[in-house]
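Below: the structure, in structure tokens.
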Amino acid sequence: MQLFKITDMKTNLIKYGLLIFSCLLISCKKFLDINPSTTIVNPSTIKDFEEMLNSQQLAECNFFYADLTSDNSFIDDTTRINSYKNAYLWEKDIWLPSDNDQPYNDVYERILQLNIVLDKLPTIKLNNSEDEGRRRVILAQAKIHRAWFYFQLSNFYGTDYTSGTSASSLAVPLILVPGQVERPKRATVKEVYDQIILDLKDAIATKELPAMGVDIIHPGLAAAHVLLARTYLYMGDYDNALKEAENGLAIKKELLNYKDVKSYPVTLLEQAKNPEVMLAKVGIDEDYYRYFGGFIRGDYELLESFGWNDKRKELAFPNYSNLFLGREGKMTFNYSIGVPEAMFIKAECLARKGQVDAALALLNEIRANRLSGTDNLSSNVNDILPLVFSEKRKEFIFHGGIRLFDLKRMNRDPKLAKTLKRVQRDQWSGEIEKELAELVPNSPRYLMQIAPRIIQNNPAIIPNPR
């Protein structure tokens, strides 16, 4: 049985003989430093557009740097000079002048593909009302994908919304049409969030959009509601975040019991069998092997926070090691939207409202499906919020920057703020030998550096302060 359908866009080019938009390629190459030569096509039928959303590329991107800069990661060899080490140690300069910021470029390549769908699909002639319904579904799904990508970009390269400066703080260029030729400036955090909300609300209002997509790489209403809940949560709009999380859970609420699985679900095939996934996204990084020769390690504090019977640690860091698992000789990460995130969003919103018992019930329900035995949490109104963040940290290990984005929000609250440290440890005892770097709350180095090569191509992009 086919669990989900994916199509390589190169195959589409051969299959349909579609024309490359060379003018778009040139203009985007000019100011974004991307070369979308295998994904820019001239579709003309409803089937062409459906095939474009079948692309596996829309389910893949790389935000490993966002996880590398959080407090979940540990590198035991920082003598090798490269962008990975520089990001890990929060250096002033992460990129060399010649470096290609692949995470940034890959995401804009995907956004460009989605913009082609959203720009061109409304203009084609359709044969019947059934095709009209198919068109509306495709447009809704393209908007959900675009919202996810812009959320990631904004929170990685820009400040958190709750900083109080969202209307003036810079995020990323907000490109909504495929033929843009002028050099785009960075939009504000608020402008990007406003577009995310607009896209998601439009998708949710599409009556033909199914509750769940036909497979895990096609979003439905459930994914749209939970992504909107995430957006409201990171804005500090807890009432709407709670509402949208509940809307998502009303569609899908089943959890995967980790006692019944033998591997930590990260790949698309593993997510396809995971009952809690609403929309699958994966991160893949192969270059890290070339520089550090293996898997990323989990931070000691993170690993020590797991209980002895926590299957998440056992599956994610197998054989009692601190090495995060890999798949097929490369780093693979689960970035999916699903039931656990909706439950954590709901738990945080309830905790902030002082509804301790209701928030605890959600945390304990998740733990019941993650631990090999019963170990319920208890709390009071004063420590429930730190507990929510602590449990969430263990649930979303290397999840595309979720922990980093949470740290930015936590830094606005003196009770949650945390100074991060990088240390060198003895190889055998694990004892700290020396401190290598420190990241204080609200430091500008929480924002990812925009590569000099991108700014050279487009001087209108203002660099982040370092």
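Please indicate, with yes or no, whether at least one residue in the stretch 174-184 is of a type outside the set (A, V, I, L, M, F, W, C) and at pLDDT 95 or above.
Scanning the stretch 174-184 turns up no residue that is of a type outside the set (A, V, I, L, M, F, W, C) and at pLDDT 95 or above.
Could you tell me how many of the residues in the stretch 83-130 are at negative phi, in a loop (DSSP other than H, G, I, E, B) and out of contact with any Pro (no Cβ under 9 Å at 6 or more places or on another chain)?
Residues that pass the stated criteria total 10.
Cβ-Cβ below 7 Å, separation at least six or inter-chain, first residue in the stretch 127-144 and surrounded by fewer than 20 Cβ atoms within 10 Å (Cβ to Cβ), second not in a helix (DSSP H, G or I): which pairs?
GLU132/LEU126; GLY133/GLU208; ARG135/LEU126; ARG136/THR206; ARG136/GLU208
Restricting attention to the stretch 256-287, which residues are open to solvent by less than 20 Å² (accessible area, probe 1.4 Å), touching a Pro at 6+ places or on another chain (Cβ under 9 Å) and among the aliphatic types (A, V, I, L, M)?
Within the stretch 256-287, VAL277, MET278, LEU279 qualify.
Sort out for me the helices (runs of 4 or more DSSP H) sitting completely within the stretch 266-361 that have 2 or more residues that are modelled with pLDDT of 95 or more, touching a helix residue (DSSP H, G or I) at 6+ places or on another chain (Cβ under 7 Å) and not β-branched (Val, Ile, Thr).
In the stretch 266-361, the matching helices (runs of 4 or more DSSP H) lie at 300-305, 311-316, 339-352.
Identify, from the list LYS346, LYS330, the residue that is surrounded by 21 or more Cβ atoms within 10 Å (Cβ to Cβ), within 23 Å of the chain's Cα centre (by Cα) and not hydroxyl-bearing (Ser, Thr, Tyr).
LYS346
Within the stretch 381-393, which residues are buried (at least 22 other Cβ atoms within 10 Å of the Cβ) and within 25 Å of ALA59 (Cβ to Cβ)?
Scanning the stretch 381-393 gives a single hit, LYS392.
Identify the single condition in (1) crowded, with 19+ Cβ neighbours inside 10 Å; (2) touching a Ser or Thr at 6+ places or on another chain (Cβ under 8 Å); (3) among the polar types (S, T, N, Q) that GLN449 does not satisfy, given that it satisfies every other one.
So GLN449 meets the others, but not (2).
Evaluate the stretch 70-78: report whether one residue or more is part of a loop (DSSP other than H, G, I, E, B) and of a type in the set (A, V, I, L, M).
yes
Name the residue that is least open to solvent (accessible area, probe 1.4 Å), counting only residues in the stretch 212-239 that are over 17 Å from LEU279 (Cβ atoms) and among the charged types (D, E, K, R).
In this case the residue turns out to be ASP237.
Within the stretch 358-380, how many residues turn out to be open to solvent by 10 Å² or more (accessible area, probe 1.4 Å) and of a type in the set (A, V, I, L, M, F, W, C)?
Within the stretch 358-380, residues that are open to solvent by 10 Å² or more (accessible area, probe 1.4 Å) and of a type in the set (A, V, I, L, M, F, W, C) number 6.
Can you pull out the residues in the stretch 288-299 that are in contact (Cβ under 8 Å) with a residue 60 or more places away in the chain and open to solvent by 10 Å² or more (accessible area, probe 1.4 Å)?
TYR291, PHE292, ARG297, ASP299
Looking at (1) without any contact (Cβ under 8 Å) to a residue 40 or more places away in the chain; (2) among the aromatic types (Phe, Trp, Tyr); (3) open to solvent by 10 Å² or more (accessible area, probe 1.4 Å), which is the one condition that is false for PHE317?
(3)
Which count do you get for residues in the stretch 226-252 that are farther than 22 Å from ASP160 by Cβ and part of a helix (DSSP H, G or I)?
So the answer is 6.
Kindly evaluate LYS311 against the criterion of being touching a strand residue (DSSP E or B) at 6+ places or on another chain (Cβ under 8 Å), surrounded by 15 or more Cβ atoms within 10 Å (Cβ to Cβ) and either hydroxyl-bearing (Ser, Thr, Tyr) or in contact (Cβ under 8 Å) with a residue 60 or more places away in the chain (or both).
Working: touching a strand residue (DSSP E or B) at 6+ places or on another chain (Cβ under 8 Å): yes; surrounded by 15 or more Cβ atoms within 10 Å (Cβ to Cβ): yes; either hydroxyl-bearing (Ser, Thr, Tyr) or in contact (Cβ under 8 Å) with a residue 60 or more places away in the chain (or both): yes.
Here the answer is yes, as LYS311 does meet what is asked.
Any chance the stretch 169-189 includes a residue that's at negative phi, part of a helix (DSSP H, G or I) and surrounded by 17 or more Cβ atoms within 10 Å (Cβ to Cβ)?
Among the residues of the stretch 169-189, at least one is at negative phi, part of a helix (DSSP H, G or I) and surrounded by 17 or more Cβ atoms within 10 Å (Cβ to Cβ), which makes the answer yes.
The values are calculated or read from the model by the stated rules, or taken from the named source; none is laboratory data. Remember, it's a predicted structure, so these values are computed and weren't measured experimentally. Methodologically, a virtual Cβ is constructed for each residue, glycine included, from the backbone with ideal geometry; neighbour enumeration extends over all protein chains shown. Each accessible area value is taken on the protein alone, full model and side chains, heavy atoms only, with ligands, DNA and RNA left out. Shrake-Rupley method; radii C 1.70, N 1.55, O 1.52, S 1.80 Å.
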